[in-house]
Amino acid sequence: MAECGRKAQSLLQAARSRYESLQISDDVFGESGDDSSENPFYSTSGDSNSDNYTSESNGGDLRGTETGDGQSGRAPGSVSNAPAEEEGWSDALREITIPPYKDTCGPTQKMPATATALDFFQLFVPDNAIQNMVAQTNMYAKKYQERFGSDESWQSVTAAEMKAFLGFMTSTSVQHCESVLSIWSSGFFSNKSIAPQMSQARFERILKYFHIVAFRSSHSNQGLYKIQPFLDSLQQAFSCTFRPSQTQVLHEPLIDEDPVFITSCTERELRKRKKRKFSLWVRQCTATGFISQVYVYLKEGPGPDGVDALKNKPQLHRLVAKQLCHNLSGRNAIIFTGPSITSLSLYQEFQKQDIYCCGLLSTRKSDCTGLPPSMLSNPEKPQHRGQSHIKMRGNMSLISWYNKGTFRFLTNAYSPSKQGVIIKRKSGEIPCPLAVEAFAAHLSYICKYDDKYSKYFIFHKPNKTWQQVFWLTVSIAINNAYILYKMSDAYHVKRYSRAQFGERLVRELLDLEDCSPTQ
């Protein structure tokens, strides 16, 4: 038993050592408690809640429970193949080296140990943004009443009230109430500690007139014109406050739905709710979970640059990837992508900009133009777990790896001859190319982020698309604020969990007493 314990500990240490080389933290986004120490690599799976990372239809996954048989004289887990040339692709493998990353990862400014939750939040939503909400809301209310009749109960909103309004909305991300109006109810989701700060009637009036941009500019034909200035400001704040690590992921984050809302709404409401009129993509640092870039695409009408999302998804996803990575040129970053983005032409275009890639391929979802057909069909002979076949063209490697099904990867960021492993606590190791291990580890970490942080999205359910996008991006800003708090001296003064951080932010927005992080 002692020997088994030492072997398990040795395995864990080896995994963490590889983890460090792959630039992945053991923290899992800093939640307090035992869960934060669990190594997310052990939950690696080919299946994911995101459509981007679903596996091939043969039901394969990346977890692996048996050790594959290595071939004599070759790297462990590889399959011997006769030399072949196919459209420039060759079985001859060679080492590749990418230049070092040109940025340092971390916050760009040092926050004092006395910084509060509100201080971190206002790195992204500063006072001038709130003042703009005040001005635009009052302008909209005035014009609305000029057109539809005066509202005797309306008084111009103040900055303090707007902060309180944001605080009430933010409280739904912590309390998970089915409606923000439940705060003033006498039911289970009532919140008597914050309800006295504003009457329900006043809150509803502000909610009715709330605007970021009250009127469309004569030069604007953009669908998100009502929040575009806020989105631009938020993007700038994300870039200015934090530098991501070399390894980053492009994906659609999980947008969690309130289970109370799902069970209480009618079938018609549920169908309407599921048909979200936009998709939200992010570029996310895999060392910290910080979301560095957000891209919102409206599904209705013609897409940007004439791309129709329903008829030409590969081109749309290519455009999304280029938008998310537009400021990474020359930095030698490594980008991980799912099947809907992964393509040879995009990777080659990125490589010219010193952006390196590693992505999962799907014959159903990916643009496979330029890839050898022999690598895209499943082998006739049964394979053992861990077996792989690799072809190269220039610095690009196309990997076919078997683990309860065939998985294909395209990369120019990892040498094809370097080996890694997929680890299961009970079943040991299964060999794989290093690119497969890196992809599995980074994507598993991002899935951990989705599982933890999607629970803290603001639960308000507006009908307007611009309002849905606004509250989602505010939720992302709060999650980013918590990540910065975790990396600051303020965290060492008082170690708040994500839920506690949200509660402190609500109280500070409402200007309640006893908001010091030392309390």
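The table below gives the values:
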item	result
Unsatisfied cross-links (Cα-Cα over 28 Å) in the set LYS352/LYS486; LYS226/LYS452; LYS102/LYS277; LYS110/LYS277; LYS277/LYS455	LYS352/LYS486; LYS226/LYS452; LYS102/LYS277; LYS110/LYS277
Length added when fully stretched, ASP354-SER150, from 0.36 nm per residue minus Cα-Cα	67.6 nm
Mean Cβ neighbour count within 10 Å, used as a protection proxy, ranking 111-118, 473-480 highest first	473-480, 111-118
Pairs of alpha carbons in segment 305-451 whose separation is greater than 25 Å (percent)	30 percent
P(r) histogram, all alpha-carbon pairs of segment 103-180 included - 10 Å bins from 0, percent	14, 32, 32, 15, 6, 1
Protection proxy ranking of 498-506, 431-439, 159-167 - average other beta-carbon atoms within 10 Å, highest first	431-439, 498-506, 159-167
Accessible area of segment 291-421 belonging to carbon and sulfur atoms, whole % at 1.4 Å probe	48 percent
Computed FRET value (nearest 0.05) for ASN463 with LYS299, which takes r as the C-beta separation and R₀ as 22 Å	0.90
Carbon/sulfur fraction of accessible area - segment 100-164, other protein chains in place, 1.4 Å, %	52 percent
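The values are calculated or read from the model by the stated rules, or taken from the named source; none is laboratory data. In this text the structure is predicted, and so the values were computed from the model without any measurement. Cβ: placed from backbone, ideal geometry, glycine included. Neighbour counts: every protein chain shown. Quick note on the areas: whole protein, heavy atoms, side chains included, nothing else; ligands and nucleic acids left out. Shrake-Rupley method; radii C 1.70, N 1.55, O 1.52, S 1.80 Å.
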